[in-house]
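Here is the structure we will look at, set down as structure tokens.
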Amino acid sequence: MSHVAHELHEEFPQHAEAIHALKAKNAHFARLTEEYHTLNRAIHRMETNVEPADDGTIEDLKKKRLVLKDEIAGFLETA
């Protein structure tokens, strides 16, 4: 099990400027990145047992994070 926080700037290092620009001009994209960040931090806390959770809960949250990441990637492809 990975205990690495999957921050957006690490997931999309080549798009750092585009992420910043999109967050500033697109409210939907800003909400997506905020939701991703909140979910990502919760997963990281669970994986490191700061906030224990069962494996099923963690896997469900990871799937939601992946859906958000895919939607964010879609925005970045067109940026």
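The values are calculated or read from the model by the stated rules, or taken from the named source; none is laboratory data. What you see is a predicted model; the values in this text were computed from it and never measured. Note: ideal-geometry Cβ built from the backbone for every residue, glycine included; neighbour counts use all protein chains shown. Ligands, DNA and RNA are excluded from the accessible area calculation, which covers all protein heavy atoms including side chains. Shrake-Rupley method; radii C 1.70, N 1.55, O 1.52, S 1.80 Å.
The set of residues in the stretch 45-68 being at pLDDT below 95 and of a type in the set (Ser, Thr, Tyr) consists of 48 alone. Of 42, 5, all but one fail to be under 19 Å from residue 67 (Cβ atoms) and either modelled with pLDDT under 95 or not in a helix (DSSP H, G or I) (or both); the exception is 5. Restricting 75, 12, 29 to residues that are open to solvent by 30 Å² or more (accessible area, probe 1.4 Å) and in contact (Cβ under 8 Å) with a residue 12 or more places away in the chain narrows the list to 75. The residue that is surrounded by the most Cβ atoms within 10 Å (Cβ to Cβ), counting only those in the stretch 15-26 that are of a type outside the set (A, V, I, L, M) and closer than 19 Å to residue 65 by Cα, is 15.
Of the residues making up the stretch 32-72, those that are more than 16 Å from residue 4 (Cα to Cα) and in contact (Cβ under 8 Å) with a residue 24 or more places away in the chain are 32, 33, 35, 64, 68, 71, 72.
Number of residues in the stretch 45-79 that are touching a helix residue (DSSP H, G or I) at 6+ places or on another chain (Cβ under 8 Å), within 15 Å of residue 12 (Cα to Cα) and in a helix (DSSP H, G or I): the value is 7. One residue stands out among those in the stretch 35-69 that are under 8 Å from the mean Cα position of the chain (by Cα) and of a type outside the set (Ser, Thr, Tyr): the one that is surrounded by the most Cβ atoms within 10 Å (Cβ to Cβ), which is 40.
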